[in-house]
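Enquirer: Can you read through this structure? Questions will come right after.
The values are calculated or read from the model by the stated rules, or taken from the named source; none is laboratory data. It should be emphasised that the depicted structure is a prediction, and the values quoted were computed from it without experimental measurement. Cβ placement follows ideal geometry from the backbone for every residue including glycine, while neighbour counts extend to all protein chains displayed.
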């Protein structure tokens, strides 16, 4: 008897490959995180006592008052209320007299975080808007401010 | 004409799928390379700023998230390597930050806070970081557009 030799198929079945790869793509697309990774950098003082040593007369005092979250922030600069667009020209005048003059950015506890960041952002734009860099922008915490008042013997 | 007699020529309607595998593999490779696990999933409405610097992620900065009013201004922290966890008190925040600074004195901290968070909450976080001798912080923000 003569048997006919059947040739063996040497093929890898790739029919389900498309399904598997599509599943993988869908998984990666769904779980991918498009998180924001940009923001304003802020260096904290090496020693917390340094901030307390800056007296109010030697600095530019910016107080952020409660205001609208998405609107222009309400500020008081050296005790005078002014619109945000006048802040940098005022700072520029002061920096011409003393380029190392620090800016103290205080915020009213009744304000929101967005108010403070809007003013901080404005101050950080000094090199572009007034062609001068503010070397020292200090954001004291409420505890530090209270410490200064206590040191000066002034009740807030 | 004699040659084609009795036979009809049919046009085959087939979509060529030979390059599909290459395209799909390219897409998979792209997603695998760019895949990043989001350590903190707190939903916040970030404030918009003009000045924005890219946060260096090589050193795995620690995360502090302050949620919106809807979530009761809940604070969540992450070491930069694990998923974020909620914390209850400001003392816990000081302990967390101090531990991270003790491990790596150059450790950066990212603050991801909702723009409507009362300043008092942010002030407490900033105070905790100052007490823990943190050197650099990044305040996460969105890009401010011309209309804004």
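Enquirer: Across region B:38-58, which residue is surrounded by the fewest Cβ atoms within 10 Å (Cβ to Cβ) among those that are free of Cβ contacts under 8 Å to residues at least 24 places away in the same chain and within 11 Å of chain A (Cβ to nearest Cβ)?
Expert: Residue satisfying both the conditions and the ranking: B:54.
Enquirer: So which helices (runs of 4 or more DSSP H) stay within region A:84-133 end to end and still have 3 or more residues that are within 11 Å of another protein chain (Cβ to nearest Cβ) and surrounded by 14 or more Cβ atoms within 10 Å (Cβ to Cβ)?
Expert: Once the helices (runs of 4 or more DSSP H) in region A:84-133 are filtered for at least 3 residues that are within 11 Å of another protein chain (Cβ to nearest Cβ) and surrounded by 14 or more Cβ atoms within 10 Å (Cβ to Cβ), what remains is A:113-124.
For (1) closer than 30 Å to residue A:150 by Cβ; (2) modelled with pLDDT of 85 or more; (3) surrounded by 15 or more Cβ atoms within 10 Å (Cβ to Cβ); (4) within 14 Å of another protein chain (Cβ to nearest Cβ), each residue gets a yes or a no:
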{"site": "A:1", "(1), (2), (3), (4)": "no, no, no, no"}
{"site": "A:8", "(1), (2), (3), (4)": "no, no, no, no"}
{"site": "A:12", "(1), (2), (3), (4)": "no, no, no, yes"}
{"site": "A:18", "(1), (2), (3), (4)": "no, no, no, yes"}
{"site": "A:32", "(1), (2), (3), (4)": "no, no, no, yes"}
{"site": "A:51", "(1), (2), (3), (4)": "yes, no, yes, yes"}
{"site": "A:78", "(1), (2), (3), (4)": "yes, yes, no, no"}
{"site": "A:82", "(1), (2), (3), (4)": "yes, yes, yes, no"}
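Enquirer: Let me ask another. For region B:59-76, check the following and say yes or no: at least one residue is facing chain A (nearest Cβ under 10 Å), touching a residue at least 60 places away in the same chain (Cβ under 8 Å), under 27 Å from residue A:145 (Cβ atoms) and within 14 Å of the chain's Cα centre (by Cα).
Expert: no
Enquirer: Another question, if that's okay. So how many residues does region B:15-25 have that are modelled with pLDDT of 80 or more and surrounded by 10 or more Cβ atoms within 10 Å (Cβ to Cβ)?
Expert: Adding up the residues that qualify gives 3.
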